[in-house]
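Data block below; observations after.
The values are calculated or read from the model by the stated rules, or taken from the named source; none is laboratory data. Model, not experiment: these values are computed from the prediction. With ideal geometry, Cβ positions are generated from the backbone for all residues, glycine too; neighbour counts draw on all protein chains shown.
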Amino acid sequence: MKNNSGKILFILLLTCTSCSSIYRFSMEVQEPAPVTLPVFAQNVLILNNAVVQPNEYGIKRTFDGQSIPSDYLLSLDSLIWPATDEIALVLNESNFFNAVAIYQQPLRTDSDWFSQTYISPELQSDFYDSENFDALFVINQLLFSLKEDVSKNKVDIPSDGLTAFVDLRADGAISCSMYTYGDEKPMITFNISDSLFFKSMIYSDPIIFLKEIPEYVLRELSIKLGNQAAQRFIPTWKTEERILFVSSNARIQEAAGYAADHQWTKAEPIWTAELEKRTKPLDKAKIAFNLAVANEMQDKLEPALEWAQKAKEYLKNANPDKDYKETELTNKYISELERRIENNRLLDLQWGKE
């Protein structure tokens, strides 16, 4: 995959907590995609291999307790394309692939809308060879159900339009597969489901709340499902919190000042020097913790983990009843660093660094 610009983007938001010896800040950490594609999967073609569900299936709508007439029949035949466009948009904006394209014609011509079919090896080869694609993102099925109850306002309000309360719920499910060059069967097939709700008093022409609003909600749900499907294949950024221990000591405060200014290489030697001067296990543990954070901010995760483990060792000689909070924070940080190390190994694989 394309090279990333770095695994850490941090925003130092230095704020004092109720405990004056702890400062908190936020950082953004890149996490690997849930699905790891082969490194060669650079050019992705999105295919529509679904059959449109019948208009009447799963749609239940009433107007003042009566079924809504066929004049306001909802159109479901184009709902797959908003999902397809969103998948292409998300994959393109991720900068994780070289090229992403949409095959603009549906592949299936049958009417068996409730079934899912594989892409034949012959058809796969056509797409791989003709346009130099090496991955096929296939939508196998996209289904919706919708329940809408529209009630006219009982209060007589003189107007040329109609005032009504709309209570609508839409549920959707999408099934997708990812094929990669060289394998006849998809490397993964997955399903995603979600819902959207709409409740509001509307004053308008009946066509707005009997047709345009439900069709808009279904379209937005299609986009939402497409977005979630695309997210399975790209790394994402997550905001995490980190802490630093500070004290009234001038040198410790100086190091914290450098940290607040993102100057970790200046803060680190101060904490290292102060560590040698301290004799109390708790003091040494706090400084070792800070050194762990300083190394993590420089993307040196293995040394960061070593410093965090040293902090844990120092705390074993401290007062367990009095210093339980520091122990809890240190154990939590060790787990977070171990998770980051594993995630970075997977990120290196996904970005093609290994």
Name the single residue that is farthest from L37 (Cα to Cα) among those in the stretch 89-129 being touching a residue at least 60 places away in the same chain (Cβ under 8 Å) and hydroxyl-bearing (S, T, Y). S111
Of all residues in the stretch 300-344, which are at pLDDT 95 or above, in a helix (DSSP H, G or I) and among the basic types (K, R)? K310, K312, K332, R339, R340
If I filter the stretch 34-91 down to residues being of a type in the set (D, E, K, R) and under 31 Å from the mean Cα position of the chain (by Cα), which single residue comes out as surrounded by the most Cβ atoms within 10 Å (Cβ to Cβ)? E86
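Listed here are the residues, each with its yes/no results for (1) loosely packed, with under 15 Cβ neighbours inside 10 Å; (2) outside any helix (DSSP H, G or I); (3) not acidic (D, E).
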| site | (1), (2), (3) |
| --- | --- |
| S222 | no, no, yes |
| L225 | no, no, yes |
| A230 | no, no, yes |
| F233 | no, yes, yes |
| K238 | yes, yes, yes |
| I243 | no, yes, yes |
| R251 | yes, no, yes |
| H262 | yes, yes, yes |
| P269 | yes, no, yes |
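Hey, could you check the stretch 275-297 for residues that are acidic (D, E) and closer than 23 Å to N331 by Cβ and say which is modelled with the lowest pLDDT? Walk me through it before giving the result.
Restricting attention to the stretch 275-297, the residues satisfying the condition of being acidic (D, E) are 276, 283, 296.
Those still in the list that are closer than 23 Å to N331 by Cβ too: 283, 296.
On the way: D283: 95, E296: 98.
Here the answer is D283.
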Is it fair to say L45 is in a strand (DSSP E or B), in contact (Cβ under 8 Å) with a residue 40 or more places away in the chain, over 26 Å from S151 (Cα atoms) and not β-branched (V, I, T)? yes
Flagged in the stretch 48-105 as more than 26 Å from L123 (Cβ to Cβ) and in a helix (DSSP H, G or I), in numbering order, are S70, D71, Y72, E93
Checking S151, S200 in turn, the sole residue that is in the same structural domain as L89 (by TED's automatic domain parsing), in a strand (DSSP E or B) and touching a residue at least 40 places away in the same chain (Cβ under 8 Å) turns out to be S151
Qualifying position, being more than 22 Å from R251 (Cβ to Cβ) and surrounded by fewer than 17 Cβ atoms within 10 Å (Cβ to Cβ), among E302, E276: E302
